[in-house]
Each structure stands twice: as C-alpha cells, then as structure tokens.
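Written out below as structure tokens is the structure these notes cover.
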Amino acid sequence: MLGKLKFWKDKDISTLSAEKVKKGDIPNHIAIIMDGNGRWAKKRALPRSAGHHEGMKVVRKVTKLANNLGVKALTVYAFSTENWKRPKLEVDYLMKLPEEFLDTFLPELIKENVQVRIMGNKEALPQHTKKAIEKAVSETRDNNGMILNFALNYGSRAELIQAVNRLLHDVKNNSTSDEITEEQFESYLMSNELEDPDLLIRTSGEQRLSNFMLWQLAYTEFWFSDVLWPDFSDEHLLKAISEFQRRGRRYGGI
C-alpha cells in the first residue's frame, strides 16, 4: 500500500525548532518533487528562469538543514525525462543550473562532508552539464556524510525498463539466476545503493508522482504542501518531518 496522503496548507505551518524535531525519528532518506518554480515566477511577472534560479537556492538551504538533522540521503527531482518537452530556452537554462549551482555550492558540500550523486540518463545531457555533475561527484566521492542525490534526466518508467533489459541480458548469459527476487531486481535500479525513501515531499499543491521512483516509493510516507518550491522554508521541512514522526508505519502488518 502507498504511504498515507497528507495535504498541508501553508497557513498550517507552525514554528518548529530543529532541536525539537531531532528528538524524534529522522527519516533516513527524503525524496522531494520540487514543483512550482514557474508559477512562482508568473505570480511575480518574472520569466520562468527566475523561478528555477530561486528554486536552486532552496535546494542549498534544504540540503544544509537535512544534513544538520541527520538525514542520510536527500534525493531531489531536478529534471525529468518529460521536461525536454518544455520550450528550448527554458530547457537550456535548466541545463546551465547544475553548473552554476555546484560551482558556488561545491566547496560548502565538501566542507560539510556531503556526497553528491546523480541518477538518470547522463548521456543525453549537454557536455557542460555532465562536466559539472561529474566534477561534483568526483570531488565529493570520499565524503561519507549525507548523500545529495540529483535525479537529472530521470524517469522511473525508463529506469524500470532499463533494469528489466539488463536483468534479461544477465539471465540470458547465465550470470544471474532466472528466479528473480525483489532484492535481485532492486540491484538493477539506479538507486540500488540507497535505501528506499522514508518520506516524499511534493510542493505546489499537486498530488501525483510524475514518473518519480515508482518502485522505491511503495511504502513511503507522502507529504504534500500548497507552497511553491521557491517559498519552501526550513519550517516546511521541519513540519514534514514532524508529521512523518507521528505516523505509524506497518508495511502491511498490524
């Protein structure tokens, strides 16, 4: 069964301290669908690129707080396989953002012992985007703190098809058993070195998964907010975790 659906209005946010939240169970892995950048910009009569730029500032802030709270992995949905359908100017800008973001944030990530990873089809990315990502991955490889995992040019259906094809290839070549288990299948996923997310956060009021980690989110707790991603604050993250701490996770049991 999927995690419980919960929708919070921005007015429901109360002031919570990181120290108070730390006293409860902290989700090991938080995944975020960062939605609402374009609408945030439109409300201010700004180009959509302004919303994306502001949204990357929030990624930096959320990364620092999650790391401080003791979260072990943070996966952010940065660019989906469907996002290529957007206007070329917007896509070109989105492809420049990782370079700009990591260039300024990388020294801080190294200092804070955060390890950068990426999941998605890197081969389809522009060379300058790949170069920026590969540099961040390489320079944080030896860090053993929180993992900051970018889902970039990622789509869960493509991930699952790729996993099945790789598995079939290995079965055909007798390099793996043809009696497939869940654990075996999971080893072929892009997120195979990470635990499944404990908590999924989606902003902007939308309540759908948008082709994001469909296998991995089977028992994840969902937290939806109507706040647009550029307005997502420390208090929103603390509220989401506080709500997570009040839920009973039975995984189909009693």
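Summary of computed values
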quantity: Flag if Val62 is among the β-branched types (Val, Ile, Thr), crowded, with 22+ Cβ neighbours inside 10 Å and in contact with a helix residue (DSSP H, G or I) (Cβ under 8 Å, 6 or more places away or on another chain); calculated: yes
quantity: Flag if Asp92 is over 30 Å from Glu221 (Cα atoms) and at pLDDT below 95; calculated: no
quantity: Output for segment 184-216, where each listed residue is β-branched (Val, Ile, Thr) and either free of Cβ contacts under 8 Å to residues at least 40 places away in the same chain or in a loop (DSSP other than H, G, I, E, B) (or both); calculated: Thr203
quantity: Filter pass, Ala151 being touching a residue at least 12 places away in the same chain (Cβ under 8 Å), of a type in the set (A, V, I, L, M) and farther than 23 Å from Gln216 by Cα; calculated: no
quantity: Odd one out for Tyr219 among (1) more than 24 Å from Phe79 (Cβ to Cβ); (2) outside any loop (DSSP other than H, G, I, E, B); (3) under 17 Å from the mean Cα position of the chain (by Cα); calculated: (2)
quantity: Residues of segment 121-137 classified as of a type in the set (A, V, I, L, M), within 17 Å of Asn83 (Cα to Cα) and crowded, with 18+ Cβ neighbours inside 10 Å, total; calculated: 1
quantity: Enumeration of residues in segment 111-136 that are closer than 17 Å to Asn192 by Cα and aliphatic (A, V, I, L, M); calculated: Val116, Ile118, Met119
quantity: Hits in segment 48-59 - residues which are of a type in the set (Lys, Arg) and surrounded by 15 or more Cβ atoms within 10 Å (Cβ to Cβ); calculated: Arg48
quantity: Where Ala45 falls short, out of the listed (1) modelled with pLDDT under 95; (2) surrounded by fewer than 18 Cβ atoms within 10 Å (Cβ to Cβ); (3) of a type in the set (Gly, Ala, Ser); calculated: (1)
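The values are calculated or read from the model by the stated rules, or taken from the named source; none is laboratory data. A quick note: this is a predicted structure, and the numbers were derived from the prediction, not measured. Note that we place each Cβ from the backbone using ideal geometry, even for glycine, and neighbour counts take in every protein chain shown.
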